[in-house]
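See below for the structure under consideration.
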Amino acid sequence: MGWKRLLLFIIPYILIVGVLQLLGAYIVGVDLMNKLSQETTEQSLLISFFGLTGTFLTVFWFMKSIDKEPFLNLGFHFHNHGKVVIAGFFAGFLTMGLSYLTLILLKQIRFSNINLLIDELILSSILFLIVSITEETLLRGYVLRNLMISINKHAALVVSAGIFSIMHAWNPHFNWISFTNLYLAGILLGLPYIYTKNLWFPISLHFSWNFFQSLFGFNISGQDSYSLVEFDMFEENIINGGYFGLEGSVLSIFSQLFFIIVLWIFFNNKKNTKPYVS
């Protein structure tokens with residue numbers, strides 16, 4: 001049963017990924033136990049790469065020895081998924097761009113500066129790609145996939161979204177609105193997977209959501225990062241998301257609900273379901 005595999009998976013995953021991330025942090029000179037320590041983009045990238053390596057190693061091991069299936073069966077088959085990758089990328093861009101303009105018009109934020117640093121831009125894009133691949137491989141590719149073996153796919157989606165939101169509960173400035181946003185993000189990212197069993201749309205949307213959120217000056221789930229556009233916030237509130245970022249905003253809730261409804265309608269149209277199944 002899928003849930004039994006997940007129970008077996010927890011401890012090896014924590015140990016392998018934890019050890020590799022500590023090793024990565026040691027190499028780049030970061031104390032992960034010190035919450036006040038500030039990481040550079042390069043340091044975060046290297047630590048995240050060790051986390052990705054640990055995730056791939058653990059999942060590959062379980063897929064081979066426990067699930068008895070090829071690693072690619074997690075949802076890495078790319079055939080017929082080029083268009084959905086583009087759709088996920090532009091969905092993230094449009095959401096962040098329109099949210100930024102909306103907050104400007106509502107006088108929630110004020111444009112301050114353009115801070116173009118090519119090195120930071122490149123490193124940030126790689127970092128967010130690594131993070132999106134890591135989290136989608138783990139949470140949609142392995143956790144949601146196995147939950148769907150044990151329970152109804154919609155119930156599995158609900159449970160996996162809860163796990164996704166709880167994983168971010170220790171981030172700075174976390175509150176009930178950010179919890180709601182992250183829960184909806186888990187639904188939004190997992191909804192295509194329960195119909196297609198493919199990870200490329202969730203990876204693309206996850207990457208685009210984080211990347212453009214950062215470029216437009218917002219914190220990402222409470223974490224500060226390089227921003228191309230810098231702005232001043234007049235006050236911290238539920239409209240602008242405060243220091244948690246746009247994921248602490250009611251704008252993000254409405255945006256995600258909109259995309260969830262669109263995807264629900266799309267995937268429940270039988271004519272559109274078949275071409276996207278791996």
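Quick notes
- The residues on offer are Ile10, Ile16, and the sole one that is open to solvent by 70 Å² or more (accessible area, probe 1.4 Å) and either within 21 Å of Ser150 (Cβ to Cβ) or touching a Leu at 6+ places or on another chain (Cβ under 7 Å) (or both) is Ile10.
- Meets criteria (crowded, with 21+ Cβ neighbours inside 10 Å and either hydroxyl-bearing (Ser, Thr, Tyr) or not in a loop (DSSP other than H, G, I, E, B) (or both)) for Asn210: yes
- Restricting attention to the stretch 54-66, the residues being within 19 Å of Ile133 (Cβ to Cβ) and either open to solvent by less than 30 Å² (accessible area, probe 1.4 Å) or among the small types (Gly, Ala, Ser) (or both) number 6.
- Restricting Gly141, Gly82, Gly92 to those that are of a type outside the set (A, V, I, L, M, F, W, C) and free of Cβ contacts under 8 Å to residues at least 60 places away in the same chain reduces the list to Gly82.
- Selection within the stretch 34-49 - more than 17 Å from the chain's Cα centre (by Cα) and either modelled with pLDDT of 95 or more or within 14 Å of Ile126 (Cα to Cα) (or both): Thr40, Thr41, Glu42, Gln43, Leu46
Per-residue answers, yes or no, for (1) assigned to a helix (DSSP H, G or I); (2) at pLDDT 90 or above:
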{"site": "Phe9", "(1), (2)": "yes, yes"}
{"site": "Leu20", "(1), (2)": "yes, yes"}
{"site": "Leu32", "(1), (2)": "no, no"}
{"site": "Trp61", "(1), (2)": "yes, yes"}
{"site": "His77", "(1), (2)": "no, no"}
{"site": "Lys83", "(1), (2)": "yes, no"}
{"site": "Phe90", "(1), (2)": "yes, yes"}
{"site": "Leu101", "(1), (2)": "yes, yes"}
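- When residues in the stretch 148-172 are screened for being open to solvent by less than 20 Å² (accessible area, probe 1.4 Å) and over 14 Å from the mean Cα position of the chain (by Cα), 2 of them pass.
- Taking first residues from the stretch 145-164 that are in contact (Cβ under 8 Å) with a residue 12 or more places away in the chain and within 14 Å of Tyr183 (Cα to Cα) and partners that are part of a helix (DSSP H, G or I) and among the polar types (S, T, N, Q), the Cβ contacts under 9 Å between residues at least 6 apart in sequence or on separate chains come to Ala156/Asn146; Ala156/Ser150.
- The one condition in (1) open to solvent by 10 Å² or more (accessible area, probe 1.4 Å); (2) at pLDDT 95 or above; (3) polar (S, T, N, Q) that Asn175 fails to fulfil: (2)
- Residue check for Phe259: open to solvent by less than 40 Å² (accessible area, probe 1.4 Å), of a type outside the set (D, E, K, R), within 19 Å of Gly97 (Cα to Cα) and in contact (Cβ under 8 Å) with a residue 24 or more places away in the chain: no
- Positions within the stretch 262-275 being open to solvent by 100 Å² or more (accessible area, probe 1.4 Å) and either at pLDDT 90 or above or within 15 Å of Gly190 (Cβ to Cβ) (or both), in sequence order: Trp264, Ile265
- Selected residue (criterion: most open to solvent (accessible area, probe 1.4 Å)) from residues of the stretch 178-190 that are among the small types (Gly, Ala, Ser) and farther than 11 Å from Phe244 by Cα: Ala185
- Residue check for Leu184: part of a helix (DSSP H, G or I) and within 23 Å of Asn73 (Cβ to Cβ): no
The values are calculated or read from the model by the stated rules, or taken from the named source; none is laboratory data. Computed from a predicted model, the values in this text were never measured in an experiment. Methodologically, a virtual Cβ is constructed for each residue, glycine included, from the backbone with ideal geometry; neighbour enumeration extends over all protein chains shown. Note: areas computed on protein heavy atoms with side chains; ligands, DNA, RNA excluded. Shrake-Rupley method; radii C 1.70, N 1.55, O 1.52, S 1.80 Å.
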